[in-house]
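Report on one structure; see the data block that follows.
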Amino acid sequence: MNFLRLAAGAVVVALAATPLANATAHGFAGQRFFPATILTDDPFVADEMSLPTFTRPPTGFDRSQEIDLDIDLAKRITPDFGFTIGQGWTYLQPKGMPAVTGLSGLHTGAQYQLFVDGPHEALGLVGLNVSWAHTGRVATIGAPDATTLSPTFNFGKGFGDLSPSLAVLRPFAVTGNLGFDFPTKTDSAGNPNPDNFNYGFALEYSLPYLQCCVKDIGLRAPFNQLIPLVEIAFTSPINRTQGIQTVGTIQPGIIWSGTYFQIGAEAILPVNKVSGRGFGGVVQFHVYLDDLFPRSIGKPISEW
């Protein structure tokens, strides 16, 4: 696919043009750096931006083809409280019909950092995400016509506090999300809008952590900044199901993390036929604003 070749080329150019160094600032708990994952939400407040996230989902259940281009921004108001905002553009090619394009729905969020436990490499965050009705093309690309409120709990835990006899496992870390969707309308155009339970996690193996905190095995750039991972996320209806099934994806991939940005790429594998057919892919360019602009837009608005 041409878009995959372009994405791969962009990764190579960025790696060649950017100085390689350890990432700093946000996403740390003790010595553990948690990268910004693509599928699941991060367990930390930060000043960061995804510009862009390019997604080619698996073929739809109705055999439609889709391409998504998304932009997301996260900003801290205080060191422990922040907000997020994002929107995307979608190209949709229904089978046997003309292609349509348009904006997807606007989504925002408020986040509060519950705790950061450095010695145990643990993070916890609570948030409220909102998908806003009528902020995208509803009829043609399926943008929401009902506002949805989604409380969430996000967490992260590194394995660096394991005993020395289990040193090979210490670079592992897990992050996860638990949350619900509560639409403000029970149905749209005669189709039910169920309340949903959302759950997912990412399992990561940090080569930077292996090098710095376990054993230097002689990795050199760019391999010493790689974090292989697998992300899994599911959405299950809890009422008004009427034949609606659980959907989800499994996304193995890799993240390269530098001083000022990271690049991630994952395959998208549907867990069942309702979730899609075949496989897809996603590539993301993610900027650390708090490292790029630590004295201006990259710092909290208030230190309170």
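The values are calculated or read from the model by the stated rules, or taken from the named source; none is laboratory data. These numbers were taken from a predicted model, which means no experiment stands behind them. Every residue, glycine among them, receives a Cβ derived from its backbone with ideal geometry; neighbour counts consider all protein chains shown. For accessibility, only protein heavy atoms count, side chains too; no ligands or nucleic acids. Shrake-Rupley method; radii C 1.70, N 1.55, O 1.52, S 1.80 Å.
Summary of computed values
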quantity: Any chance GLY124 is more than 26 Å from ALA189 (Cβ to Cβ), open to solvent by less than 50 Å² (accessible area, probe 1.4 Å) and in contact with a Phe, Trp or Tyr (Cβ under 7 Å, 6 or more places away or on another chain); calculated: yes
quantity: Selection count where residues are assigned to a loop (DSSP other than H, G, I, E, B), of a type in the set (A, V, I, L, M) and either touching a residue at least 12 places away in the same chain (Cβ under 8 Å) or closer than 30 Å to ASP161 by Cβ (or both), scope the stretch 98-136; calculated: 2
quantity: Some residue of the stretch 205-214 being surrounded by 15 or more Cβ atoms within 10 Å (Cβ to Cβ), within 15 Å of ILE38 (Cα to Cα) and not β-branched (Val, Ile, Thr); calculated: no
quantity: Exclusive hit being closer than 30 Å to LYS185 by Cβ and touching a residue at least 60 places away in the same chain (Cβ under 8 Å), set ALA202, ALA233; calculated: ALA233
quantity: Residue count for the stretch 251-273, restricted to those that are outside any strand (DSSP E or B) and either under 11 Å from GLN284 (Cβ atoms) or among the aromatic types (Phe, Trp, Tyr) (or both); calculated: 1
quantity: Filtered residues of the stretch 25-55 (kept if among the hydrophobic types (A, V, I, L, M, F, W, C) and assigned to a loop (DSSP other than H, G, I, E, B)); calculated: ALA25, PHE34, ALA36, ILE38, LEU39, PHE44, VAL45, ALA46
quantity: Pick from the stretch 171-189, criterion under 30 Å from GLY30 (Cβ atoms) and touching an Asp or Glu at 6+ places or on another chain (Cβ under 8 Å), ranking: most open to solvent (accessible area, probe 1.4 Å); calculated: PHE172
quantity: Contacts under 7 angstrom Cβ, first residue in the stretch 143-168 being more than 24 Å from THR37 (Cα to Cα), partner modelled with pLDDT under 95 and part of a helix (DSSP H, G or I), 6 or more apart; calculated: ASP145/VAL138
quantity: Which numbered condition ASP117 misses (of (1) touching a Pro at 6+ places or on another chain (Cβ under 7 Å); (2) modelled with pLDDT of 95 or more); calculated: (1)
quantity: Which listed residue, of GLN65, GLN31, is touching a strand residue (DSSP E or B) at 6+ places or on another chain (Cβ under 9 Å), farther than 30 Å from ALA122 by Cβ and among the polar types (S, T, N, Q); calculated: GLN65
quantity: Scope the stretch 274-304; condition assigned to a loop (DSSP other than H, G, I, E, B), open to solvent by 70 Å² or more (accessible area, probe 1.4 Å) and within 30 Å of TYR112 (Cα to Cα); matching residues; calculated: PHE293, ARG295, ILE297, LYS299, ILE301, GLU303, TRP304
quantity: Single residue of the stretch 190-204 satisfying the filter (open to solvent by 60 Å² or more (accessible area, probe 1.4 Å) and outside any loop (DSSP other than H, G, I, E, B)) that is farthest from THR241 (Cα to Cα); calculated: LEU203
quantity: Filtered residues of the stretch 137-157 (kept if at pLDDT 90 or above, open to solvent by 20 Å² or more (accessible area, probe 1.4 Å) and either in a loop (DSSP other than H, G, I, E, B) or more than 13 Å from GLY109 (Cα to Cα) (or both)); calculated: THR147, PHE155, LYS157
quantity: Residue match in the stretch 56-65 (condition: under 16 Å from the mean Cα position of the chain (by Cα) and not in a loop (DSSP other than H, G, I, E, B)); calculated: yes
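For every residue, the table says whether it meets (1) open to solvent by 40 Å² or more (accessible area, probe 1.4 Å); (2) touching a Cys at 6+ places or on another chain (Cβ under 7 Å); (3) of a type in the set (Val, Ile, Thr).
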| site | (1), (2), (3) |
| --- | --- |
| PRO57 | no, no, no |
| ASP62 | yes, no, no |
| GLN65 | yes, no, no |
| GLN87 | yes, no, no |
| THR90 | no, no, yes |
| PRO94 | no, no, no |
